[in-house]
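These notes concern the structure reproduced below.
The values are calculated or read from the model by the stated rules, or taken from the named source; none is laboratory data. Because the structure is a prediction, the values reported are computed rather than measured. Cβ coordinates were reconstructed from backbone atoms using ideal geometry, including for glycine residues, and neighbour counts include every protein chain displayed. For the accessible areas, the whole protein counts, side chains as well, though only heavy atoms, and no ligand, DNA or RNA atoms are used. Shrake-Rupley method; radii C 1.70, N 1.55, O 1.52, S 1.80 Å.
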Amino acid sequence: MSTYSRQNISSGSAWEPVVGYSRAVRAGDFVFVSGTTSSSPDGAVGGADAAAQAREIFTRIGAALEQAGATFGDVVRTRVYLTSIADFDTVGAVHGEIFGEIRPSLVAVEVGALAAPDLLVEIELDAIIGAAPSAA
């Protein structure tokens, strides 16, 4: 028997029920955000600009964290998937805008492809509610 509560958080994507996943899952004080892209029915939000795609992704992730009762300050680990590692500096700069003082662990890797050819970046992360860095 589980000793924690579970909350599934949906983005409303048509893929969630088909594939069987949630945008995020809160389990107790832990929040796990699925790989998130900037996809839309009209193509990637941000077009061919990896940094613009990353900004849109963090907007989407921020909304999921908020629904889970978490903030970016609670994030302890991020994973960034890039279709070109040459985009790491610009996407990393966006990551730094969000996490500069928080400094979660990070991995960034180049992948062969994402779910659609116009997607350049996918980001997933984990948070622990109450893990925000102290002001010390």
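Of note:
- Label zone of Ser84 (point 7 Å out along Cα→Cβ, amide N under 15 Å): in the range 33-49 this covers 47-49.
- Each stretch of four or more DSSP H residues adds -39500 (n - 2.57); spread over every residue of the chain, this sum gives -7500 deg cm²/dmol at 222 nm.
- Chain lengthening between Ser5 and Tyr21 when straightened (0.36 nm per residue, less Cα-Cα): 4.0 nm
- Accessible carbon and sulfur surface of the chain relative to its total accessible area, %, 1.4 Å: 55 percent
- Entry comment: accessible area of the range 1-130 is 54 Å² per residue, from protein heavy atoms only and a probe of 1.4 Å.
- The convex hull drawn around the Cα atoms of the range 1-52, when projected onto a plane and averaged over every direction, covers 4.9 nm².
- Stokes-Einstein D in µm²/s, Kirkwood radius over Cα pairs - the range 71-136 at 37 °C with 0.692 mPa s viscosity: 259 µm²/s
- Using heavy atoms of the protein chains and a probe of 1.4 Å, the accessible area assigned to Asp118 is about 70 Å².
- Semi-axis lengths (Å, descending) of the ellipsoid that matches the C-alpha gyration tensor of the range 8-93: 22, 17, 11
- Charging the Cβ of each Asp and Glu at -1 and of each Lys and Arg at +1, and nothing else, the dipole of the chain about its Cα centre rounds to 440 debye.
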